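Participant: The structure's right below; bear with me while I get my questions together.
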Amino acid sequence: MPASAAANRRANVWTARIIPVILLAIIGYASWVVTKVECLDYLLNPSPSLALPRQTAPAIAILTLFYILLLILLICYGRLIHTVLTNPGVVPRGPQWYIENQRKTKSNNANGGSEKEDSLDADSSEGYSAKGTYADAESYRVQDFWTKDVFVCQHDGRPRFCSACYNFKLDRVHHCSELNRCVYKMDHFCPWVSGIVSETSFKYFIQFTFWTAVFCLFNLVHVAYFLAQRQRHTSTFDVHWILAIAFSALFLLFGLGMCVSSLQFAFQNTTTIENIDRRSHVYYLAVYVSEQTWTRLDQAHRDNNRWITYPRPPQEQLQLLQNAGADYPEATVEIPPPAQSIAPSLTTHAPASVREASTQPVPPENRMFAILETEPGDNPFDLGPFENFKEVMGERVIDWFLPLRMSPCARHASPYSIYNMGRVVYKLKKRAGLLEEDDRSRYNKSRRKKSRRRASHSTGERRPASSRVSAA
């Protein structure tokens, strides 16, 4: 990649670091206007020419509410920026990236390139942690996506492959051009919050925009009210009052608009990027099929599904790296000698060769997946509006308003999939005849809890909130 492109990316990153300083300066200016110009100079010590009495109670109420809201706003903003800078949710790069980076550095140095250009070309996301969602990047390797029971794939059963990071794009992973990194559940790049908004920071972004809207609405109301009162007694204008109203109105529109749109995405369990083609997008899902289910399908002669087995042959990974433009990819791919047994492979249907191979000894670590296709517009991550909201904001009401805990979706706690999946996956598995016993029990448990919740609402009884159940 040309050094100029890397320099532009770095300029965008550093611009995002500078803008929060400007925003804090505006907040400081607004604090001075409210405290000094409005409360002290006008409400508590009005000019004798105005012939107004001291208004102590309104001044105390305004200052108290102003600084309480400001404190909450700054806490949310600080937690948001800290998360964006220290844990932005980036995906660890593949081993081949470091080999390519070293090769490019040596090549540029041999051709007379500067170290600065090498640094720009190597990484425009300086300062961003590579740990992603996990405390240790090695606690879950990207290459081990097939150990989950359901994952998003392409038509051929393999996830998308990022040619810039030399790694797989897992569920809901997108490549951020500003950071030159793949990001889990990327929403957008926001200079106002110093970087990328992703699964780790989306909750804090909603809270920040909500409290921004509340803070600005409060300031707009009381400043406009007392400005109108002041103007009834004088014909002179004070520019500080006008600027306070202008800034309050501007950031109220920004905060309210971003909060409403972000809450909409939270209730739909989608993101800004995913929402672009949400109504027409078709997901391909690789769904794990146990040996018992495979035997049942084979006996019933149901072979209308497409299949793929994991782990894939090393030659396939080698081909992916070569297609991505890697030089000497053999350095990161170990190719063992050919195995004696033939494992099932990707097929258009499940022909006799696959059934014959299934009777041969298969290593226990091999896993077979059926490739299922959703209807256009179906969202496999949709758990229902309220459950979607809790996936982002948390289970407790206090977590909805204060940045105390990270979003549940960023913990990746589900043993079945990277992100919890809902009834769309259950329906696909049922239609394909792939339902496992635990699928039925989980779905029935979820349905019983929903029925009890509806009954408690109708009778006025208070029952414990049902826990989220994934039907992946």
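Participant: Identify the single condition in (1) open to solvent by 50 Å² or more (accessible area, probe 1.4 Å); (2) of a type in the set (Val, Ile, Thr); (3) modelled with pLDDT under 50 that Thr147 does not satisfy, given that it satisfies every other one.
Facilitator: So the condition that Thr147 fails would be (3).
Participant: Kindly evaluate Leu256 against the criterion of being part of a helix (DSSP H, G or I) and touching a Phe, Trp or Tyr at 6+ places or on another chain (Cβ under 6 Å). Show your work before the answer.
Facilitator: Details: part of a helix (DSSP H, G or I): yes; touching a Phe, Trp or Tyr at 6+ places or on another chain (Cβ under 6 Å): no.
No: the conditions fail for Leu256.
Participant: Gln268 - would you say it is at pLDDT 85 or above and more than 18 Å from Leu372 (Cα to Cα)?
Facilitator: yes
Participant: Which residue pairs have Cβ atoms under 6 Å apart, sit 6 or more places apart or on different chains, and have a first residue in the stretch 86-108 that is touching a residue at least 40 places away in the same chain (Cβ under 8 Å) and a second that is crowded, with 19+ Cβ neighbours inside 10 Å and of a type in the set (Lys, Arg)?
Facilitator: The qualifying pairs are Val90/Arg181.
Participant: In addition: Which is at positive phi, within 18 Å of the chain's Cα centre (by Cα) and either surrounded by fewer than 16 Cβ atoms within 10 Å (Cβ to Cβ) or in contact (Cβ under 8 Å) with a residue 60 or more places away in the chain (or both), of Gly394, Gly377?
Facilitator: Step by step, each of Gly394, Gly377 is checked, and only Gly394 is at positive phi, within 18 Å of the chain's Cα centre (by Cα) and either surrounded by fewer than 16 Cβ atoms within 10 Å (Cβ to Cβ) or in contact (Cβ under 8 Å) with a residue 60 or more places away in the chain (or both).
Participant: Could you list, in sequence order, all residues of the stretch 1-19 that are modelled with pLDDT under 80 and charged (D, E, K, R)? Give the steps one after another, and end with the answer.
Facilitator: In the first step, residues of the stretch 1-19 are kept if they are modelled with pLDDT under 80; the result is 1-13.
Once the filter is applied, which keeps residues that are modelled with pLDDT under 80 and charged (D, E, K, R), the stretch 1-19 yields Arg9, Arg10.
Participant: Across the stretch 272-296, what is the total count of residues that are among the small types (Gly, Ala, Ser) and open to solvent by 20 Å² or more (accessible area, probe 1.4 Å)?
Facilitator: Of the residues in that region, 1 qualify.
Participant: Condition test on Leu70, is it open to solvent by 40 Å² or more (accessible area, probe 1.4 Å), farther than 20 Å from Met186 by Cα and of a type in the set (A, V, I, L, M, F, W, C)?
Facilitator: no
Participant: Now a separate question. Suppose the filter is in contact with an Asp or Glu (Cβ under 6 Å, 6 or more places away or on another chain) and buried (at least 18 other Cβ atoms within 10 Å of the Cβ); does Asn269 pass it?
Facilitator: So Asn269 fits the description; yes.
Participant: Filter the stretch 422-439 down to the residues that are of a type outside the set (Lys, Arg) and within 29 Å of the chain's Cα centre (by Cα), then identify the one that is most open to solvent (accessible area, probe 1.4 Å). First the steps, then the outcome.
Facilitator: First pass over the stretch 422-439, keeping only residues of a type outside the set (Lys, Arg): 422, 424-426, 428, 432-439.
Narrowing further to those that are within 29 Å of the chain's Cα centre (by Cα): 422, 424-426, 428, 438-439.
Working: Gly422: 5, Val424: 30, Val425: 1, Tyr426: 26, Leu428: 15, Asp438: 62, Asp439: 4 Å².
Out of the qualifying residues, it is Asp438.
Participant: Just checking, how many residues over the stretch 312-322 are farther than 16 Å from Gln154 by Cα and in contact (Cβ under 8 Å) with a residue 12 or more places away in the chain?
Facilitator: Number satisfying all stated conditions: 4.
Participant: Kindly indicate whether any position in the stretch 448-467 is at pLDDT below 90 and buried (at least 19 other Cβ atoms within 10 Å of the Cβ).
Facilitator: No; the residues of the stretch 448-467 include none that is at pLDDT below 90 and buried (at least 19 other Cβ atoms within 10 Å of the Cβ).
Participant: Next question. Filter the stretch 51-60 down to residues that are part of a helix (DSSP H, G or I) and surrounded by 13 or more Cβ atoms within 10 Å (Cβ to Cβ), then give me how many there are.
Facilitator: The number of residues fulfilling the criteria is 3.
The values are calculated or read from the model by the stated rules, or taken from the named source; none is laboratory data. Note that this is a predicted model, so its numbers are computed, not measured. Ideal geometry is used to build each Cβ from the backbone, glycine not excepted, and the neighbour counts take in all protein chains shown. These accessible areas exclude ligands, DNA and RNA; they are computed on the full protein's heavy atoms, side chains included. Shrake-Rupley method; radii C 1.70, N 1.55, O 1.52, S 1.80 Å.
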